[in-house]
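Take a look at the structure set out below.
The values are calculated or read from the model by the stated rules, or taken from the named source; none is laboratory data. All figures in this text were calculated on a predicted structure; none of them were measured in a lab. Cβ coordinates were reconstructed from backbone atoms using ideal geometry, including for glycine residues, and neighbour counts include every protein chain displayed.
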Amino acid sequence: MLKRIGIGLVGLLLASCAQVQQPQPFQLAVAHINDHHSHLVPRQRTAISYKGEDHRLQSGGFAAVAAAIEDIRNKHQHVLTLHAGDAITGTLFYTLFNGEADAALMNHVCFDAFALGNHEFDSGDKGLKTFLDFLAMSDCSTVVLGANVEPEVGVSPLTPKTRWDSFQPYTIFNVGGEKVGLIGLDIAIKTKNSSQPDATTTFADEYTTAAYYVAELQRLGVEKIGLLTHIQYRNDLTLAEKLPAIDFIVGGDSHTLLGDYARFGLPSVGPYPMQTVNLDGDPVCVVHAWEYSQVVGELVIDFNGDQVASCGGQSHLLLSPDAPHALAQLPQFWAKAGDSDVTELLSGYQVQLEELTMQVIADVPERLCLKRMGPVPAQCGSGTYSDAHRVVAEAFLASAPQADFALQNGGGVRNEIKSGRFTVADAYGLLPFSNTLVEVQISGAELHQVLEQALAYAVSAGGSDGAYPHGAGVRFAVDMKQPEGQRVSQLAVQNRRSKAWQPVQPEQTYIMITNSFLAGGNDGWKLLADLQAQGRVNDTYVNYAQSFVDWARAQKTIKRPSEHSTLSYQPVQ
C-alpha cells in the first residue's frame, strides 16, 4: 500500500512538472510603418482600379496613421508600435523644419521603437542629432535602434562620450509578462555610399551584427526576438534564413507593398505577412508597410512558448472617409477620419510652411536661360545652351557623391531662373513633379544607346523635345542630320576628383544619377526601363527639388554655368 502511494505521489509530481513546462500561448500585435519621408499630409491622387473603374483617391497622411494605429492598439491586448526608418527627408516639411515636424507627429503616435534608416544621415551626423533631439522632446521615450551604426566616439555629435549616446543596438520589451527583444539594423553600404554620414561614421555588416546581438539576447534569457530593419525586403528574407532564433522582422528601405493589392493596380510583391523560416527551421513573420504614410501594418504573431505558431494580420492602405463605400468595406483598406489632434498640430506647421517657402536660399546675379533642345536664343545673353538644365544637373550630381555623372530631360525643368533672389518656392516651381533621384548602373555602350533613344524621341512624330538630354559630368556633340543611332559623338565623362575628361569606354560600368520619371523608360529613354527590370536602378527616394534646394543653399550664389553637356548641336535643317 505504501509503495503504491509513493508511486502515485511521484506520478502526480511528474505530471505537475510536465504541466508547468508546457509551452504557453501568447499573442503579440505589431503596428508599424516605414519610409514616411516627411510625407505628413495626404497624397491627393493615388490611382486605384476597382471593378473596371479607375479612381484617384486621397490616401495616407500622418493624421490617418495616428488614428489607424490607435485602432490597432484598442483591438489587441499586447501591442508594439514600430517605425522601420527613413522618417525624414523628402518634402518641404523636412527642408524647412529640419525634422521638428516629423518628430512632433511621431511623438504624438508614440512609437515604441524607431530604426535608423539611410536617409536619416542625409544632413550628416549633425542633422540626425538635431532630429533625434526633437524626437526626445516628449515623454514618449521612443527607443532609437541602430546596432550596426558606428559613429566615432568623441568626434561625431551622435557619440560625444560613448557609442550608445544617441541610440541603442537593441531593446527588451516586457509585454504582458513576456520578454520581447528587438534589434535595429541600417543598410550598411547604401548608407555610407549614397547618403551623407560623417566620414568617420562607419556601418558594420548586417548579418554579422545581427548574429552577435541575437546571441547576446539569448544569453540574457530572451527567446522572443525580432529585427527592426532598414535593409530592404529581399535582404530581410535572406537574413531571416541565415539567423537562428529570429521570430519576426519589421522592415523598410525598399518601399515594399505587401498584401492583396495587385488586383487594384497597386505594386504589391507578395502576401502580408510573408512567412519564411529561420536557420532553426522555425517560422519567421516578415512585414513591410510601403511608403509615404500610406499604409499601416497590423502584424499578429501567435507564439506557442517561444516559437512562432502562426503569422497573421493585415496591412491597411489608408483612404479618406469619402472613399467609395465598396472599397472602404474591404479589409485591406482603412477609410476613416484622421486623428483630430494630429490634424491641428499639422495645420500649424502648414501655416509656417507657406511663409517659409518664401525664404531666400540663394542669389542669382544674372538670368539663367532655359531651352529644352538646342542653343538658347541670342537675346538671352548666354550664347550657349540651357543654363537652367545645367545647374539642375549639377545639383543632382552634388547630391550623389558616388555617381559619375548626372542626366536630366529637357521637359523635367519647367522654368528659367530669373535674376534676383531665389526662394524655396522657386525651386519647387523649377522642379514641380513628384520625382525622386535614382542611381543607374549603366555601361558606356548603354549610355550611348540611351542618348540616341532620347534624341530619336525628341524629333519623332509622336515625341517631344522634352526628351533632349542635359547633364553634368558628361558631355557630347549632337548632329541631328546623321541617321538615327549615329547622332551622338565625342561622348566623355569627367573624373570628379581630377576634373579630367575621359572618353566613355563601351564596356565600363558607370553610375548615373537621374530622375525617377526617366528611370521608368519615359520620354523615349526606353533602355532605362530595361535596366530597372534587371535590378540596376536604385531609387534614393530623395525628392529632386529638395536636392536643388540643398545645392542652392550651399552655393549661396547661383552663377551662370561656364560649360554645358552639349558641346555642339547641328539641327536637322
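Counting only strands (runs of 3 or more DSSP E) that fall entirely inside region 120-212 and contain at least 1 residues that are more than 30 Å from residue 96 (Cβ to Cβ) and modelled with pLDDT of 95 or more, the qualifying elements are 170-175, 178-186. The combined condition, being outside any helix (DSSP H, G or I), out of contact with any Lys or Arg (no Cβ under 9 Å at 6 or more places or on another chain), under 18 Å from residue 39 (Cα atoms) and in contact (Cβ under 8 Å) with a residue 60 or more places away in the chain, is fulfilled by residue 89. When residues in region 485-513 are screened for being closer than 20 Å to residue 374 by Cα and in a strand (DSSP E or B), 5 of them pass.
One line per residue, one yes/no per condition, for (1) of a type outside the set (Ser, Thr, Tyr); (2) at negative phi; (3) part of a helix (DSSP H, G or I):
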site: 518; (1), (2), (3): yes, yes, yes
site: 521; (1), (2), (3): yes, no, no
site: 528; (1), (2), (3): yes, yes, yes
site: 542; (1), (2), (3): yes, yes, no
site: 550; (1), (2), (3): yes, yes, yes
site: 553; (1), (2), (3): yes, yes, yes
site: 559; (1), (2), (3): yes, yes, no
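Residue count for region 487-536 satisfying the condition of being over 19 Å from residue 397 (Cα atoms), of a type in the set (Lys, Arg) and surrounded by fewer than 19 Cβ atoms within 10 Å (Cβ to Cβ): 1.
Selection within region 530-539: residues that are assigned to a helix (DSSP H, G or I) and among the aliphatic types (A, V, I, L, M). The member of this set that is farthest from residue 401 (Cα to Cα) is 533. Residues that are aromatic (Phe, Trp, Tyr), touching a strand residue (DSSP E or B) at 6+ places or on another chain (Cβ under 7 Å) and within 29 Å of residue 538 (Cβ to Cβ) within region 168-207 comprise 170, 203, listed in sequence order.
Exactly one residue among 342, 296, 286 is more than 25 Å from residue 74 (Cβ to Cβ), touching a helix residue (DSSP H, G or I) at 6+ places or on another chain (Cβ under 6 Å) and buried (at least 18 other Cβ atoms within 10 Å of the Cβ), and that residue is 286. Considered as a group, the residues in region 64-86 that are of a type outside the set (D, E, K, R) and assigned to a loop (DSSP other than H, G, I, E, B) include one that is nearest to residue 194 (Cα to Cα), and that residue is 85. The set of residues from region 364-411 being over 10 Å from residue 513 (Cα atoms) and polar (S, T, N, Q) comprises 379, 382, 384, 386, 409. When we screen 151, 169 for residues that are surrounded by fewer than 22 Cβ atoms within 10 Å (Cβ to Cβ) and in contact (Cβ under 8 Å) with a residue 12 or more places away in the chain, the only hit is 169. Of 474, 440, 459, 450, all but one fail to be under 17 Å from residue 564 (Cα atoms) and buried (at least 17 other Cβ atoms within 10 Å of the Cβ); the exception is 474. The residues listed here are 18, 31; of these, the one that is crowded, with 17+ Cβ neighbours inside 10 Å and either modelled with pLDDT under 50 or touching a helix residue (DSSP H, G or I) at 6+ places or on another chain (Cβ under 7 Å) (or both) is 31. Within the option set 364, 376, 413, 391, being closer than 17 Å to residue 567 by Cβ, β-branched (Val, Ile, Thr) and assigned by TED's automatic domain parsing to the domain that holds residue 513 holds for one residue only, 376. Restricted to region 106-124, and to residues there that are surrounded by fewer than 24 Cβ atoms within 10 Å (Cβ to Cβ) and in contact with an Asp or Glu (Cβ under 7 Å, 6 or more places away or on another chain), the residue that is farthest from residue 171 (Cα to Cα) is 124. Residue count for region 400-432 under the criterion of being outside any strand (DSSP E or B) and under 19 Å from residue 538 (Cα atoms): the result is 5.
In the condition set (1) in a helix (DSSP H, G or I); (2) at positive phi; (3) among the hydroxyl-bearing types (Ser, Thr, Tyr), residue 94 is compliant with all but (2). Only residues that are free of Cβ contacts under 8 Å to residues at least 24 places away in the same chain and either acidic (Asp, Glu) or in contact with a Phe, Trp or Tyr (Cβ under 7 Å, 6 or more places away or on another chain) (or both) were counted across region 404-448, and they come to 1.
With respect to the numbered conditions (1) more than 17 Å from the chain's Cα centre (by Cα); (2) surrounded by fewer than 22 Cβ atoms within 10 Å (Cβ to Cβ); (3) closer than 15 Å to residue 146 by Cβ, which one is the sole condition not fulfilled by residue 192? Of everything listed in (1) more than 17 Å from the chain's Cα centre (by Cα); (2) surrounded by fewer than 22 Cβ atoms within 10 Å (Cβ to Cβ); (3) closer than 15 Å to residue 146 by Cβ, residue 192 misses just condition (1). The condition (being at pLDDT 95 or above, farther than 30 Å from residue 239 by Cα and under 23 Å from the mean Cα position of the chain (by Cα)) is satisfied by just one residue among 319, 257, 330, 299: 319.
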